[in-house]
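To keep things clear, I will list the structure first and then write my remarks on it.
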Amino acid sequence: MARPSSWWGALLAAAAVAQLGASDLSKDYYNSTCPDVESIVLGVVKDKMQATIRTIGSTVRLFFHDCFVDGCDGSVLIQSTPGNTAEGGNRGEGAPPANLSLAFEGFETVRSAKAAVEAQCPGQVSCADVLAIAARDAIALSGGPFFPVELGRLDGMRSSASNVAGKLPQPNHTLTQLVAIFKANGLNMSDMVALSAAHSVGLAHCSKFSDRLYRYDPPSQPTDPTLNPKYAAFLKGKCPDGGQDNLVLMDQATPALFDNQYYRNLQDGGGLLASDELLYTDNRTRPMVDSLAASTPDFYKAFADAIVKLGRLGVKSGGKGNIRKQCDVFN
């Protein structure tokens with residue numbers, strides 16, 4: 001079936017900015033201007049994680065959603081104004097459909113971290129870099145891999161909800177569609193499978209997967225047969241058909257750990273989103289799932305390598321960006 005021209009257009013636009021400014025990044029970018037930036041952000045992330053488990057998934061998801069839409073430039077952090085609906089709405093509220101899942105806790109973590117950095121190093125560190133560091137720390141502090149963060153991004157100077165459509169993976173996408181979105185951003189199929197482990201933490205609304213429970217192939221097969229029957233029954237209890245759009249943990253086994261249990265869940269029919277379980281049911285990606293499920297060191301390396309590549313997408317430099325004083329408003 002032919003794809004709408006707007007869908008392909010969005011992918012081509014993403015490809016055009018995928019590597020802009022990536023060569024300007026450096027692991028020691030702030031050594032002379034804000035040498036303690038990473039320890040400052042780490043302290044804030046620790047405090048936020050102690051306050052609520054939701055800090056983990058919401059901060060990681062914020063980074064992913066930022067990078068996939070016009071690059072890693074902090075544009076998702078901008079709040080809407082009467083004349084402009086921003087990518088992230090007002091901390092998730094009123095955002096375009098693909099960003100409605102962004103939770104307050106992620107925005108608040110970055111806001112607090114940026115304020116702490118500004119108190120020590122005013123006007124030196126971008127919100128985009130604060131978000132990148134915070135996402136890394138949320139991953140590492142919850143049991144995932146620690147990896148050096150390349151720094152030196154500038155903050156984007158625009159943020160519009162109209163830029164979001166077609167640029168983010170969706171739960172109902174086919175594997176071919178998912179691969180196309182990642183490829184447009186310079187990421188291959190192995191990167192896609194590794195980065196999908198971000199769904200080992202966080203929560204999802206029932207509306208993101210309820211069709212798998214009640215409307216998969218009616219009337220003969222209302223429930224997705226790739227779902228483990230016990231897991232399907234559990235989810236139906238959490239998400240009554242026509243009921244409230246409740247939140248459900250992405251990983252019921254180790255919800256506060258960033259680990260390769262995500263892949264073992266897929267092997268057992270326990271992927272929450274259809275796009276998750278697809279990684280196991282499709283022969284093109286199943287061997288990768290099996291490999292990462294079997295080895296924590298292999299998972300750590302694959303994820304770390306892939307998220308560093310993700311962090312290079314659409315980096316702004318020179319006159320294409322600046323350093324915001326406050327992450328949710330333009331200077």
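The values are calculated or read from the model by the stated rules, or taken from the named source; none is laboratory data. Here the structure is a predicted model, which is why all the values come from computation and not from measurement. Every residue, glycine as well, gets a Cβ built from its backbone with ideal geometry; the counts of neighbours run over all protein chains shown. Ligands, DNA and RNA are excluded from the accessible area calculation, which covers all protein heavy atoms including side chains. Shrake-Rupley method; radii C 1.70, N 1.55, O 1.52, S 1.80 Å.
Counting Lys and Arg as +1 and Asp and Glu as -1 over every other residue whose Cβ lies under 15 Å from the Cβ of LEU313, the net charge comes to -3.
Here ARG111 sits with roughly 100 square angstrom of accessible surface, probe radius 1.4 Å.
For the stretch 172-331, the relative contact order works out to 28 percent when only alpha carbon pairs closer than 8 Å and six or more residues apart are counted. Entry comment: accessible area of the stretch 175-310 is 43 Å² per residue, from protein heavy atoms only and a probe of 1.4 Å.
Of the labelled figures (1) 1.03; (2) 0.96; (3) 1.06, only one reflects Rg/Rh (Cα atoms, Kirkwood Rh) as derived from the coordinates, namely (2). Checked against a 24 Å cut-off, the cross-linked pairs LYS27/LYS114; LYS208/LYS230; LYS167/LYS301; LYS183/LYS301 give Cα-Cα distances beyond that limit for LYS167/LYS301. Please report the carbon-and-sulfur percent of the accessible area for the chain; probe 1.4 Å, protein heavy atoms only, DNA, RNA and ligands left out. Looking at the chain in its full context, I get 55 percent from C and S. The charge dipole of the chain, taken about its Cα centre with unit charges on the Cβ atoms of Lys, Arg (+1), Asp and Glu (-1) only, comes to about 340 debye. Reported to the nearest whole Å, the Cα centre-to-centre distance from the stretch 156-197 to the stretch 310-326 is 20.
Between the listed residues ASN84, LEU154, GLY123, the Cα displaced farthest toward the positive end of the dipole of the chain, a dipole computed from Cβ unit charges relative to the Cα centre, is found at ASN84. Only Lys, Arg, Asp and Glu carry charge here, each on its Cβ (+1 for the first two, -1 for the last two); on that basis the stretch 175-310 has a dipole of about 60 debye about its Cα centre.
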